[in-house]
1. Round to the nearest 10 and give me the degree value, 0 to 90, for the angle of helix 39-49's Cα axis relative to the longest principal axis of the chain.
2. Taking the 0 to 90 degree range and rounding to the nearest ten, how far is the long axis of helix 123-147 tilted relative to the main principal axis of the chain, both from C-alpha atoms?
3. Quick check on the chain: take the gyration tensor over C-alpha atoms, sort the square-rooted eigenvalues as a ≥ b ≥ c, and tell me if it's rounded (a/c under 1.5), prolate or oblate.
4. Can you find, among L147, V71, N100, the residue farthest towards the positive end of the dipole of the stretch 64-167? Put +1 on the C-beta of Lys and Arg, -1 on that of Asp and Glu.
5. Note down the net charge around E107, summing +1 for each Lys or Arg and -1 for each Asp or Glu among other residues with Cβ under 11 Å from its Cβ.
6. Relative contact order for the chain: what percent, with Cα pairs under 8 Å and sequence separation of 6 or more?
7. Once you mark the GluC sites (Glu not before Pro) that are in a DSSP loop and have at most 16 other Cβ atoms within 10 Å, what is the longest gap between them in the chain?
8. May I ask which of K69/K108; K3/K85; K3/K108; K76/K138; K30/K76 have a Cα-Cα span longer than 21 Å here?
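FYI, it's all coordinate maths here, none of it is from the lab. Note that this is a predicted model, so its numbers are computed, not measured. Reconstructed Cβ throughout: ideal geometry from the backbone, glycine too, with neighbour counts over all protein chains shown.
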Amino acid sequence: MEKIEYEWVKQTRQTLLEQCRELTEDEFTKEFEFGFQSIRDTFVHVAGCYHAWLGSFVLSETTCPLLTKEVINNMKVDDIQCYFKQADEYVESILEQFRNKFDDPIEKEPSWKAGSGCIRKTPHQLLFHSITHESHHKGQIAAMIRLLGYIPSNTDILGLSEMNFVK
């Protein structure tokens, strides 16, 4: 994976986060019967995936990658952006540190799943998982926005103007 490809992931994420700034607190936290219940909780879940698999499992930079429900319940869009900013730093570290060993397996027990046993995955697999996981949940967030009566912003990379691309 190239850095530019991850920039596209971040740009489409930012598109949705910016649209969420227009939602009321009640809309942002409204619980639906799918996904991770609310737009807020789904965004936090997505960022948590990066923190767990990349920050904890691959980089061993944290042993407590996931946030408590108490912390999540008080989060606003700016807090979620900060959580993603750290996740983005994990991605950058992996792209740099594992450039020549992207497909070398790491075998250990996830710190946030004590007693679950060892898992054997490569940085490449876990980065790819984190990104596809985000895409899946961005679709759910777009559906939640639509159910709230709004038209979701375009998060399809093919729909973004060339001006929006980081070069």
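1. 10 degrees
2. That works out to roughly 10 degrees.
3. oblate
4. Toward the positive end, the furthest listed residue is L147.
5. +1
6. Relative contact order here is 31 percent.
7. 62-167
8. Check vs 21 Å cut-off fails for K69/K108; K3/K108.
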